[in-house]
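Read through the structure below, which is laid out as structure tokens, and then see the notes.
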Amino acid sequence: MKILTACANGSGTSLMLMRTVKKTMEKMGYQITQADHTSISEAKGIARNYDVVFTSIPFIKMFDEVKKRGGEVIGIKNVISAKEVEDKINESDIPTKFKKN
Amino acid sequence: MLRYFLENHLINISTEHPQNWEDAIRVSGEIMKSNNLVTDKYVDQVIADVKKYGPYIVIVPGVAMPHSQADSSGVLGTGIGLTIFPEAVSFDKDDSEKDAQLFFMLAAKDNKQHMENIANLSNMLMEDGLIEDLRKVKSLEDYHQVMDKYELSTEESR
């Protein structure tokens, strides 16, 4: 699975979120083949190359188009909370779309 | 990581409460400027970003991570500076979850070093009870005590 995390600048929050998501998903048994972090402005252009986009909640509306195309977009409130990431993944379509190892 | 702030003179325990969040970001820029990590230009950008995007830099209740574009010309070096205020600072009067008392300002010139810093910072913030303990710090002595308490369990950097 290819994941992208995005925040305003692409250098702080998105990087922290990428670590949390990658660690949590691998622990849950998903195979992450690619993980990148970037800014909101860039993310809109490259989101199509990823299976799931994670972003902090204030930015989630920026990804309406990705959602319309059927892409998974997940908003996270606390970027260091493994528990929140895990819960949000389980609530999403990820468990049915992707199989675990 | 707690030791990193101390050893690199990147800790500021402020005894004065800032007037508002903007002032708090300016104060947290001081320790970065005195270490030649950023210039005022960067601090201005951080403030402009918050005005534009909202208080997204408050990453967990109580903790702000002020930062702006990594390629800004106001960034001179790579590092994280910690400023602790006596009380929480409000970013959004309608949302107390966006109050912050610990300000970790980021500067990222060297990407690899920055990745390591962020990894260490997130590991540190994930330690149970650490954020609460740091929020109670009023002096360097207090800070040393917190450091002693978490020393064994935190990964060291640098």
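The values are calculated or read from the model by the stated rules, or taken from the named source; none is laboratory data. The shown structure was predicted, so the numbers you read here are calculated from the model rather than taken from an experiment. Using ideal geometry, Cβ is built from the backbone for each residue, glycine included, and neighbour counts are taken over all protein chains shown. Quick note on the areas: whole protein, heavy atoms, side chains included, nothing else; ligands and nucleic acids left out. Shrake-Rupley method; radii C 1.70, N 1.55, O 1.52, S 1.80 Å.
Scanning the range A:5-20 for residues that are free of Cβ contacts under 8 Å to residues at least 24 places away in the same chain and more than 10 Å from chain B (Cβ to nearest Cβ) returns no hits.
Taken together, the criteria exclude A:K2 from residues that are open to solvent by 10 Å² or more (accessible area, probe 1.4 Å), farther than 29 Å from B:K51 by Cα and within 14 Å of chain B (Cβ to nearest Cβ). So which residues in the range A:44-60 are without any contact (Cβ under 8 Å) to a residue 40 or more places away in the chain and either more than 12 Å from chain B (Cβ to nearest Cβ) or of a type in the set (S, T, Y) (or both), if there are any at all? Those that are without any contact (Cβ under 8 Å) to a residue 40 or more places away in the chain and either more than 12 Å from chain B (Cβ to nearest Cβ) or of a type in the set (S, T, Y) (or both): A:K44, A:G45, A:R48.
Residues in the range A:21-43 that are part of a strand (DSSP E or B) and within 14 Å of chain B (Cβ to nearest Cβ): A:A35, A:D36, A:H37, A:T38, A:S39. Are any of the residues in the range A:72-85 within 10 Å of chain B (Cβ to nearest Cβ), in a loop (DSSP other than H, G, I, E, B) and in contact with a Leu (Cβ under 7 Å, 6 or more places away or on another chain)? Checking the range A:72-85: at least one residue is within 10 Å of chain B (Cβ to nearest Cβ), in a loop (DSSP other than H, G, I, E, B) and in contact with a Leu (Cβ under 7 Å, 6 or more places away or on another chain). The conditions of being free of Cβ contacts under 8 Å to residues at least 60 places away in the same chain, within 13 Å of B:M105 (Cβ to Cβ), more than 9 Å from chain A (Cβ to nearest Cβ) and buried (at least 16 other Cβ atoms within 10 Å of the Cβ) are not met by B:A24. B:V27 meets all of the listed conditions (1) over 18 Å from B:E132 (Cα atoms); (2) modelled with pLDDT of 95 or more; (3) not in a helix (DSSP H, G or I) but one, namely (3). Residues in the range B:39-70 that are open to solvent by 20 Å² or more (accessible area, probe 1.4 Å) and more than 9 Å from chain A (Cβ to nearest Cβ): B:T39, B:D40, B:K41, B:D44, B:Q45, B:A48, B:K51. Scanning the range A:1-20 for residues that are closer than 14 Å to B:L106 by Cβ and either outside any helix (DSSP H, G or I) or in contact with a Pro (Cβ under 8 Å, 6 or more places away or on another chain) (or both) yields a count of 6.
Looking only at helices (runs of 4 or more DSSP H) that fall completely inside the range B:63-158, which ones have 1 or more residues that are in contact (Cβ under 8 Å) with a residue 12 or more places away in the chain and over 20 Å from A:C7 (Cβ atoms)?
Details: elements: B:111-125, B:130-135, B:140-150.
Qualifying helices (runs of 4 or more DSSP H): B:130-135, B:140-150.
Taken together, the residues in the range A:47-71 that are touching a strand residue (DSSP E or B) at 6+ places or on another chain (Cβ under 6 Å), open to solvent by 20 Å² or more (accessible area, probe 1.4 Å) and outside any loop (DSSP other than H, G, I, E, B) amount to 3.
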